[in-house]
Amino acid sequence: MVFDGMKDVRRIKPPPLEMRAGLIFDPTKLSVSAETETATLTLYEWRLLNALVDQLGKAVGYDELGIAMTEDKRPRSRNQITQHVFELREKLARLSPYLNIRNIENAGYVLETINQ
């Protein structure tokens, strides 16, 4: 039964899963998977990883990462970004030994794929 002004939620399709950088991204669960492992990310980690994957192999500046992490587009401090990168690195390490987030001194971070 559908009430006036309400959508039938059974007809709403979830966004499709995306394969990027060897990971399967599930935007409905804020999770990434590789093979049989899945990691659930915080909203900040999700946005941070997407910003890094969008520029895979290229350095992404601290300011750009800080703005990407928030809806209000307010930059975050380097300490906050560093903390989220640390936690994201741990989760990615459990998923794939072929992905690495590397710090570029005084510039930002880069997501690299390590050849198998």
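The values are calculated or read from the model by the stated rules, or taken from the named source; none is laboratory data. Everything numeric in this text was worked out from a predicted model, so none of it was measured. All Cβ positions, glycine included, derive from the backbone under ideal geometry; neighbour counts span all protein chains shown.
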Tally, over the stretch 85-102, of residues that are more than 13 Å from Ala21 (Cβ to Cβ), modelled with pLDDT under 95 and not charged (D, E, K, R): 2
Considering each residue of the stretch 64-95, count those that are hydroxyl-bearing (Ser, Thr, Tyr) and touching an Asp or Glu at 6+ places or on another chain (Cβ under 8 Å), and give that number. 0
Quick count over the stretch 25-60, residues being surrounded by 14 or more Cβ atoms within 10 Å (Cβ to Cβ), in a strand (DSSP E or B) and of a type outside the set (S, T, N, Q), is 6
Taking the condition farther than 23 Å from Pro15 by Cα, surrounded by fewer than 14 Cβ atoms within 10 Å (Cβ to Cβ) and free of Cβ contacts under 8 Å to residues at least 12 places away in the same chain, does Glu71 pass? no
Tally, over the stretch 83-96, of residues that are more than 17 Å from Ile24 (Cβ to Cβ) and touching a residue at least 12 places away in the same chain (Cβ under 8 Å): 4
Taking only the stretch 68-113 into account, find how many residues are assigned to a helix (DSSP H, G or I), closer than 18 Å to Thr40 by Cα and of a type outside the set (A, V, I, L, M, F, W, C). 7
